[in-house]
Structures are given as C-alpha cells and as structure tokens.
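Peer 1: Mind having a look at this structure? Questions to follow.
The values are calculated or read from the model by the stated rules, or taken from the named source; none is laboratory data. Quick caveat: nothing in here was measured; it's all calculated off a predicted structure. All Cβ positions, even for glycine, are placed from backbone atoms using ideal geometry, and neighbour counts span all protein chains on display. Protein only, heavy atoms only, side chains kept; ligands, DNA and RNA dropped before computing areas. Shrake-Rupley method; radii C 1.70, N 1.55, O 1.52, S 1.80 Å.
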Amino acid sequence: MTLQQLQYIVEISKCSSITAAAKKLFVAQPSLSKVVKDLEKEFHITILRRSRHGISFTADGLKFLHFANQVLDASANMQDYFLHEKGDGEKIRLSISSHHYLFAIDGMLSFLQRQADTAAYTVRISEGRTSQIIHDVLVQRSQIGIIYISELTEQFMYRILAKNNLEFVPFCDFPPHAYLSKNHPLAGLPEISIEQLLPYPHICYEQGNDPSQLSEEYIIPKYYSRKTIYATDRSTMLSIIAHTNAYNLGTGCLLPRITGQDVVSIPISGAGGTMTIGWIKKKNMPLTNELTEYLHDLQNSLRAALGHTPFSARPSMPKKHMS
C-alpha cells in the first residue's frame with residue numbers, strides 16, 4: 001500500500017467513477033482499476049462493487065476510504081509541519097476548528113494583529129460541522145475544536161468524545177437566543193417564545209447526514225419549522241437573516257465589527273437548558289504557547305460579545321468538564 005494508491009481511492013470516491021477519476025489523475029483507466037484490485041488483494045476485501053449502473057463502495061470499501069482519508073490527512077500535516085513550517089527555525093503554528101462562532105474569529109483577529117512583526121507563522125482556522133471538528137482534532141489537523149454541548153446532547157457528545165480519547169473544556173453557559181434582522185417584526189421584543197417564531201423561516205447550517213445531536217444550532221425538542229433554509233457559511237447566513245424574516249438559533253453573542261448593525265439577538269423564553277461553549281482537545285495534549293495565547297484572546301472576545309448581548313452568561317459548572 002502506498003500514499004499514491006490511497007489518493008487514487010479517494011479520487012474515485014469524489015468522482016464516483018473510475019473513468020472520470022482516471023482522467024482527473026492523468027492515468028490510464030486499466031492502471032487505476034489495477035490499483036483497486038491490488039489493494040483488494042492485499043487487504044482481502046472488496047472495495048468497489050461494479051454493476052451496469054456504475055460503481056459503489058462496499059461497507060468494507062467505505063471503512064477503507066475512511067482510513068485512507070485519515071492517513072492522507074496525517075501525511076499532509078506531517079509535511080506541513082516539518083517541511084513548510086520549520087524552515088530556518090521554529091515558527092508559530094496554530095490550527096483551530098470551530099462552529100461558526102463570531103467570537104472564535106474575533107479571537108483569531110486579535111491573535112493575528114499581534115503577529116504583525118513576527119517573522120513567520122502558519123495559522124489555520126476551519127469552520128464546519130461538529131463531526132468534522134471532532135475528526136480534525138482526532139487526526140490533529142487542528143489542535144483544538146470549539147463547540148457547544150447542551151443538556152439535551154451531553155450524554156451523546158460525551159460518549160463520542162470518550163470513545164475518541166478527547167476531552168471537553170468549558171468556557172461558559174449561554175441561554176438560547178434567536179438571531180433576527182433589526183427590521184424583523186419580533187425584533188423589538190425583550191424575549192421571544194418558540195410559538196412566535198413558528199411562522200417565520202428557520203435558517204440553519206447544513207448538517208449532511210449527521211444526527212441532530214451533532215447540530216451546532218440549539219435543539220428544541222418537539223419543534224419543527226415548516227420553512228427551513230440551509231446554508232454552509234456564515235456570510236450567507238448573516239445576509240439572509242439581515243434581509244429577510246428568517247431567524248437562527250444560537251448563543252446570542254454579537255460582535256458588530258463582524259456582524260455589522262443589521263442583526264440582533266433576543267432571548268428565547270421557555271426553551272429550557274443552556275448552551276455550554278467550550279473546546280475539545282486530545283487527552284494529555286500539552287498546550288503550546290500560541291494556543292494558550294489564542295485561548296486568552298478567545299475569552300476576551302467572549303467578554304466583548306457579552307457587552308453587545310442582552311443577557312449575562314455565567315461560567316460553566318465544573319461538572320461540565322469531561323475528561
């Protein structure tokens with residue numbers, strides 16, 4: 001087995017076709033088919049199922065694909081660190097994965113502004129689904145992942161984290177809020193009930209096939225909107241909220257230098273429970289100086305966000321720390 005063979009398998013999965021993958025890889029189709037057969041022989045499994053409708057991955061093939069992605073990710077991280085980041089000397093290296101949180105970006109802005117005179121650094125911040133954040137931390141593509149856990153999801157989340165030898169370190173608890181346009185019919189209210197939100201479109205981040213317990217939006221039991229909009233990035237999310245009557249559910253934290261003045265947040269009455277914001281890391285992983293520095297910036301950004309939010313959060317209780 002070679003890294004090139006694994007790259008070929010991953011490309012086949014992206015193209016859903018050996019012929020298309022061969023063209024993209026600039027290799028002959030028979031050569032690519034032989035790579036698949038060689039790997040199947042080496043591991044005594046069937047990776048691809050072939051039919052007149054095309055190809056599909058078997059159960060073993062999907063598992064093989066999962067491991068192939070992990071190996072390629074680890075290889076890329078190794079090359080980035082030793083070949084690109086070391087250079088003539090030790091460089092600052094910071095890699096973060098996060099839900100689409102404004103304070104995570106604001107904290108990164110503060111961190112980067114202090115690096116103006118730094119000779120060299122490599123910083124990576126990725127926003128995505130909970131499952132991707134966990135995967136990033138697991139394969140060390142990211143040093144930490146910033147997520148939330150609620151009373152409704154904590155048993156599910158803690159099982160996943162424990163299974164993957166990860167720990168959750170809390171920052172603070174937030175009651176759920178609705179993000180609305182400043183011109184929304186409900187924008188002037190001191191608080192909003194779930195029933196009041198029902199007539200309006202609910203915009204949320206695309207979760208793919210992930211279970212609801214992995215959603216980055218606050219989950220409200222037995223509540224289903226008849227109008228749903230899915231987005232994949234914050235810019236689209238904020239634009240739709242600012243210019244329509246759509247709403248999103250979250251911590252309620254606002255940072256005007258990122259969101260502007262067109263979006264407001266209002267507490268949701270009767271939702272029950274809180275959102276515990278925190279970060280995950282591999283157990284026993286030491287914190288680098290730059291990571292410690294960023295976490296300090298993140299806490300300052302959270303404090304700044306609270307200054308623009310109509311509520312007071314409280315520090316998380318020690319029982320929320322999962323190790």
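Peer 1: Only one of (1) in contact with a Pro (Cβ under 8 Å, 6 or more places away or on another chain); (2) open to solvent by less than 40 Å² (accessible area, probe 1.4 Å); (3) acidic (Asp, Glu) is not met by Glu167, so which one is it?
Peer 2: (1)
Peer 1: Filter the stretch 126-160 for residues that are open to solvent by less than 10 Å² (accessible area, probe 1.4 Å), polar (S, T, N, Q) and either outside any strand (DSSP E or B) or within 20 Å of Phe67 (Cα to Cα) (or both) and give the result.
Peer 2: Selection gives Thr130, Ser142, Thr153.
Peer 1: Please work out which one of (1) open to solvent by 50 Å² or more (accessible area, probe 1.4 Å); (2) part of a loop (DSSP other than H, G, I, E, B); (3) free of Cβ contacts under 8 Å to residues at least 40 places away in the same chain is the condition Glu217 fails and give its number.
Peer 2: (1)
Peer 1: Restricting attention to the stretch 276-320, which residues are closer than 26 Å to Ala162 by Cα, touching a strand residue (DSSP E or B) at 6+ places or on another chain (Cβ under 6 Å) and at pLDDT below 85?
Peer 2: The answer is Arg314, Pro315, Ser316, Lys320.
Peer 1: So for the stretch 240-260 (the condition being buried (at least 19 other Cβ atoms within 10 Å of the Cβ), in contact with a Phe, Trp or Tyr (Cβ under 7 Å, 6 or more places away or on another chain) and of a type in the set (Phe, Trp, Tyr)), does at least one residue qualify?
Peer 2: The answer is yes, given that some residue of the stretch 240-260 is buried (at least 19 other Cβ atoms within 10 Å of the Cβ), in contact with a Phe, Trp or Tyr (Cβ under 7 Å, 6 or more places away or on another chain) and of a type in the set (Phe, Trp, Tyr).
Peer 1: Kindly state which helices (runs of 4 or more DSSP H) lie completely within the stretch 1-46 and contain at least 2 residues that are hydroxyl-bearing (Ser, Thr, Tyr). Steps first, please.
Peer 2: Details: elements: 3-15, 18-25, 29-43.
Answer list for the stretch 1-46: 3-15, 29-43.
Peer 1: Condition test on Ser323, is it among the hydroxyl-bearing types (Ser, Thr, Tyr), closer than 27 Å to Ala162 by Cβ, modelled with pLDDT under 85 and open to solvent by 30 Å² or more (accessible area, probe 1.4 Å)?
Peer 2: In short, yes.
Peer 1: Right, another one. So, Arg114, is that one open to solvent by less than 60 Å² (accessible area, probe 1.4 Å), on the phi < 0 side of the Ramachandran plot and out of contact with any Phe, Trp or Tyr (no Cβ under 6 Å at 6 or more places or on another chain) or not?
Peer 2: Judged against the criteria, Arg114 is not a match.
Peer 1: So Ser181 ticks every box in (1) open to solvent by less than 50 Å² (accessible area, probe 1.4 Å); (2) closer than 18 Å to Tyr148 by Cα but one. Which box is left unticked?
Peer 2: The number of the failed condition is (2).
Peer 1: Applying the selection to the stretch 34-63, what residues are modelled with pLDDT under 90, farther than 14 Å from Ser17 by Cα and either over 33 Å from the mean Cα position of the chain (by Cα) or exposed (fewer than 12 other Cβ atoms within 10 Å of the Cβ) (or both)?
Peer 2: Ala59
Peer 1: Could you check, for the stretch 162-179, whether at least one of its residues is assigned to a helix (DSSP H, G or I) and over 20 Å from Asn248 (Cα atoms)?
Peer 2: yes
Peer 1: Next question. Might you let me know whether the stretch 85-99 holds any residue that is part of a loop (DSSP other than H, G, I, E, B), at pLDDT below 85 and buried (at least 16 other Cβ atoms within 10 Å of the Cβ)?
Peer 2: For the stretch 85-99, residues part of a loop (DSSP other than H, G, I, E, B), at pLDDT below 85 and buried (at least 16 other Cβ atoms within 10 Å of the Cβ): present.
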